[in-house]
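Structure first, commentary second.
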Amino acid sequence: MSTNEVAVDTTVLVASLVPQDEHHAKAEPLVRGLRSGQVRFHCPTFGVVETCGVLTTKEFGKRQLRLPQAVLETAWGSLNKWIEQGKVMVYPLTEERMRLDSLVAIGQRLKGPDAVIVQTALELNVPLETYDQRQVRAWERAKGS
């Protein structure tokens with residue numbers, strides 16, 4: 001069985017972990033693939049931290065509720081387990097990556113975190129999974145240059 005390798009941003013990680021997220025239904029096939037070993041996520045280390053920050057501050061669902069502490073801990077437990085199992089690969093921000101990420105930020109006119117995930121996909125030569133259309137367009141432009 002071959003594994004589909006994809007770079008994922010925070011929007012995908014959050015949607016994967018939170019059923020109340022507006023993109024959860026789109027993320028479900030990716031999560032099923034991740035759990036079965038057919039898909040492997042790749043993300044920069046800061047993406048894990050950013051995901052935790054979003055989980056603690058974002059308001060979810062029609063009633064715009066914050067997630068209870070138990071749900072936060074379960075989401076973190078799932079994400080951490082996926083990392084330990086090698087289902088989510090994380091990449092530190094090295095000096096070389098900092099330079100490449102900065103060039104993407106400048107060249108594609110992106111915010112820093114968006115540039116880092118776009119450059120991660122470019123570096124690994126894998127598709128980018130995101131629900132942020134700015135990132136998608138930047139990744140497509142950068143791939144073509």
Completion exercise
Reduced to Cα centres, the span from segment 14-79 to segment 92-141 in Å works out to 21 Å
Exercise for the section: For a footprinting-style exposure proxy, rank ILE117, ILE106 by other Cβ within 10 Å, fewest first. Expected result: ILE106, ILE117
Handout entry: Label-to-label distance, nm, for residues given as THR56 and ARG137 (7 Å Cα→Cβ offset)
Key = 3.3 nm
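Filter the GluC sites (Glu not before Pro) in segment 1-73 down to the DSSP loop ones having no more than 14 other Cβ atoms within 10 Å, then list what survives.
Within segment 1-73, the qualifying GluC sites (Glu not before Pro) (loop, at most 14 other Cβ atoms within 10 Å) are GLU22, GLU59.
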Exercise for the section: State the Kirkwood hydrodynamic radius of the chain in Å, one decimal place, computed from all pairs of distinct Cα atoms. Expected result: 15.5 Å
Handout entry: Angle between the chain longest axis and helix 112-124 axis [Cα atoms, degrees, rounded to 10]
Key = 70 degrees
Exercise for the section: Any chance you could give the angle, 0 to 90 degrees and rounded to 10, that helix 69-84 forms with the longest Cα principal axis of the chain? Expected result: 50 degrees
Practice task
With runs of 4+ DSSP H residues as the only contributors, calculate the mean residue ellipticity of the chain at 222 nm using -39,500 (n - 2.57) per run, divided by the residue total and rounded to the nearest 500.
Solution key: -19500 deg cm²/dmol
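Each value in this text was obtained by applying a stated rule to the coordinates, not by laboratory testing. Quantities reported herein were computed from a predicted structural model and do not represent experimental measurements. Neighbour counts run over all protein chains shown; Cβ positions are idealised from the backbone, glycine included.
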